[in-house]
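Worksheet for the structure shown next.
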Amino acid sequence: MSNELPFANLQEATVFLGPSVHVKTQELAWNRLHSAQSLRLLTFSSSFTPHIPLCSSLRELVLTAPMTVMQLAHHTTSYPNLLSLRIAICDNSSEAFTEYTATPRITVLLQLQELSITRVKNADLVPFFDHFILPSLVSITVEGMSQLECDALWELLEDSHSTLRILSIGLGQGLSSSDILEWFDHDCLENLETLLITGAVPLSNDVLLQLHCPSRRGRKELYFPKLKHLGLIQLDPSINENDLISMLGSRYWVTPALGSDVPVLKTELRTAVVVGG
């Protein structure tokens, strides 16, 4: 009989355990994966809170489970090679975040490049954004953001000295187009290649003017010079269609800057999706 440990050569695993599965069975399933010393990619969904981190070889983790920020930090710091993290953060209105102490920036994930967050119920994402440093982050996907959560996200990116290439952000109630226009000035977005804005906030005509190449409002001559993919999913019904067509045209084709014979240095837009309100 071979002495090889169970799952010793396993590199990818997907586990979905519904609430009808006994918690002891869910715990056993997680703990058995601890022997998978070659595991690179794991998708794990359950109502059980994993307590024991898995092997350090993990590079991609998709995790849906009730966890506090400190529990998540304990896991992720055990995976020094983690490149991609996709998590569902659960409702923290009662006990889910009781371990959070408001001590900011105490967990550094040096290698993490991709972060995707799905909220469950009324989860507050501020404690998560306040807790981590992510210096290698280039892609973030997040939904239903409040003003406070947006502020915490920009602080995270600034403190981490991150430079995003992909930003997919869903906006919740309480935000306005003027808030979005202020975000465009953040240095961490200078190298954006993909920008997707969805959610409950109708995007005003000023957003189109600021995205024009060269910009027709704002503090910079050109915003997002490397932009290749653009999605604006909730345009205000009052937008000027001519401004929309002009903005897209200016992004699809290189045009000279006003008063100059030198073309604006930028990457031509490759795809665009715009949806009216």
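All of the numbers you see were taken from the coordinates with simple rules; none came from a lab. In this text, all values refer to a predicted model and were calculated from it rather than measured experimentally. With ideal geometry, Cβ positions are generated from the backbone for all residues, glycine too; neighbour counts draw on all protein chains shown.
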Extended-chain gain in nm, criterion 0.36 nm per residue less alpha-carbon gap, Glu190 and Val23: 55.5 nm
Cα-only Debye scattering, segment 179-225: base-10 log of I(q)/I(0) at q = 0.19, 0.30 Å⁻¹: -0.59, -1.37
His34 versus Ala272: modelled label distance in nm, points set 7 Å from Cα along the beta carbon direction: 5.5
HN-Hα J in Hz across segment 139-154 - Karplus 6.51, -1.76, 1.60, θ = phi - 60°, x for Gly and Pro: 9, 9, 10, 8, 10, x, 6, 8, 4, 5, 5, 4, 4, 5, 5, 5
Note, ³J(HN,Hα) from phi for segment 19-35, Karplus 6.51, -1.76, 1.60, rounded to Hz, x at Gly and Pro: x, 6, 7, 4, 4, 5, 5, 5, 4, 4, 4, 5, 5, 5, 5, 4, 7
For segment 135-277: rounded, prolate or oblate by the Cα gyration tensor [a/c cutoff 1.5]: oblate
Amide hydrogen neighbours beyond the local backbone of Ser116, cut-off 5 Å, H modeled: Leu85, Arg86, Ile87, Thr141
Cα gyration tensor shape of segment 7-84, rounded if a/c is under 1.5, else prolate or oblate by comparing a/b with b/c: oblate
Phi to ³J(HN,Hα) by Karplus 6.51 cos²θ - 1.76 cosθ + 1.60 over segment 43-53, Hz, x for Gly, Pro: 10, 9, 10, 6, 8, 8, 8, x, 10, 9, x
Spread of Cα-to-Cα distances over 5 Å intervals beginning at zero, given as percent, for segment 112-192: 3, 15, 28, 29, 18, 6, 1
Length-normalised contact order for the chain - Cα pairs under 8 Å, 6+ apart - percent: 10
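Just round it to a whole percent: the fraction of Cα-Cα distances in the chain exceeding 31 Å.
On the way: 14013 of 38226 pairs.
Roughly 37 percent, rounded to a whole number.
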Most fluctuating residue given options Arg165, Arg32, Arg86, as computed from a GNM of the chain linking Cα atoms under 10 Å: Arg32
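In Å³ and rounded to a whole number, note down the convex hull volume per residue for the Cα atoms of segment 160-240.
95
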